[in-house]
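The values are calculated or read from the model by the stated rules, or taken from the named source; none is laboratory data. Computed from a predicted structure; not experimentally measured. Virtual Cβ from ideal backbone geometry, glycine too; neighbours counted across all protein chains shown. All accessible areas refer to the heavy atoms of the entire protein, side chains included, with ligands and DNA or RNA removed. Shrake-Rupley method; radii C 1.70, N 1.55, O 1.52, S 1.80 Å.
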Amino acid sequence: MGADLAIESLTKNICGFGTDMGGAVIGGRQFEEELFMYRKDFGGVLSPKSAWAILVYGLSTLTLRAKRQIDTAFKVAMFLEKHPKVGTVRYPGLPSHPQHALALKQMRSTLGTFAPGTLLYFETREDGEEPVRARNLINWAAQHSYCITLAVSLGNIRTLIEAPGIMTHAALPREAQQAAHIAANGIRLSFGLEKAEDIIDDLEEGLGQA
């Protein structure tokens, strides 16, 4: 699609089991010298022996895992769009997504089917400026969720939930968060291999307590 370089996290999806860390840069030979200089300044690469054991073994199930995760994302996105305590849902697979047409064009599997990803973002409806419902949902998930894990990673076999505004980016002042379009009530889901129905049950109960 015209990109000079593609940067891929091997930790996410390709490994998919949360057991190793790695990355890859794919590009033309004209960038080889610059990439080697970057490696010299910032550190060596994951050794082939270390990469093989888990990062390569995970490839054989990547297609199966991704398909199930995408199917789950569709189901959960449709559930959240109809929930009265949810104001905004952003998932490229939904017609309501502002770039849905672009997603249909670009987000294709190796078989040519629509593959809009395994991540979903939504915002809770709040009665004031404070993200009370979002905070309550996150706290509920941390203590009571059956199959959703509170964690900031993604691309795992487990379904993970996090709220950037009150977790990963909580140290940023509210003004800086707003300038970066980080909503205080925004929540991100990364889908794993659990049943969609179980994830929806968790979210329904958690939003009921929010």
*Scan of region 60-94 for residues that are in a helix (DSSP H, G or I), open to solvent by 20 Å² or more (accessible area, probe 1.4 Å) and touching a strand residue (DSSP E or B) at 6+ places or on another chain (Cβ under 6 Å), ordered by number*: E81
*A53 being part of a helix (DSSP H, G or I), among the small types (G, A, S) and within 17 Å of G192 (Cβ to Cβ)*: no
_Test: residue in region 5-12 that is closer than 29 Å to E204 by Cα and either open to solvent by less than 70 Å² (accessible area, probe 1.4 Å) or over 21 Å from the mean Cα position of the chain (by Cα) (or both)_ = yes
*What about K12, is it over 22 Å from L154 (Cβ atoms), outside any loop (DSSP other than H, G, I, E, B) and charged (D, E, K, R)?*
no
*Collect the residues in region 21-34 that are within 25 Å of I54 (Cα to Cα), surrounded by 13 or more Cβ atoms within 10 Å (Cβ to Cβ) and at pLDDT 85 or above, keeping them in residue-number order.*
V25, G27
_Subset of region 115-142 [open to solvent by 50 Å² or more (accessible area, probe 1.4 Å) and under 20 Å from F191 (Cβ atoms)]_ = L119, Y121, A142
*Could you list all residues from region 95-131 that are in a helix (DSSP H, G or I) and touching a residue at least 24 places away in the same chain (Cβ under 8 Å)?*
Q106
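Take the conditions among the aliphatic types (A, V, I, L, M) and at pLDDT 95 or above and apply them to A101. Does it pass?
Yes: the conditions hold for A101.
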_Out of the residues in region 176-198 meeting the condition of being outside any loop (DSSP other than H, G, I, E, B) and either open to solvent by less than 10 Å² (accessible area, probe 1.4 Å) or touching a Gly at 6+ places or on another chain (Cβ under 6 Å) (or both), tell me which one is farthest from G128 (Cα to Cα)._
A196
_Scope region 146-195; condition β-branched (V, I, T) and in contact with a His (Cβ under 8 Å, 6 or more places away or on another chain); matching residues_ = I182
*Which one is farthest from K12 (Cα to Cα), of the residues in region 22-42 that are of a type in the set (A, V, I, L, M) and assigned to a strand (DSSP E or B)?*
I26
*Of these, A142, A179, A183, which one is of a type in the set (A, V, I, L, M) and in contact (Cβ under 8 Å) with a residue 40 or more places away in the chain?*
A183
*Consider V152 against the criteria (1) loosely packed, with under 14 Cβ neighbours inside 10 Å; (2) under 18 Å from G192 (Cα atoms); (3) modelled with pLDDT of 95 or more: it satisfies all of them except one. Which criterion is unmet?*
(3)
_Exactly one of these conditions fails for T168: (1) of a type in the set (V, I, T); (2) modelled with pLDDT under 95; (3) crowded, with 19+ Cβ neighbours inside 10 Å. Give me its number._
(3)
*If you check R108 against the conditions, is it farther than 24 Å from L193 by Cα and charged (D, E, K, R)?*
no
*Can you find even one residue in region 168-179 that is within 15 Å of the chain's Cα centre (by Cα) and more than 16 Å from Y91 (Cβ to Cβ)?*
yes
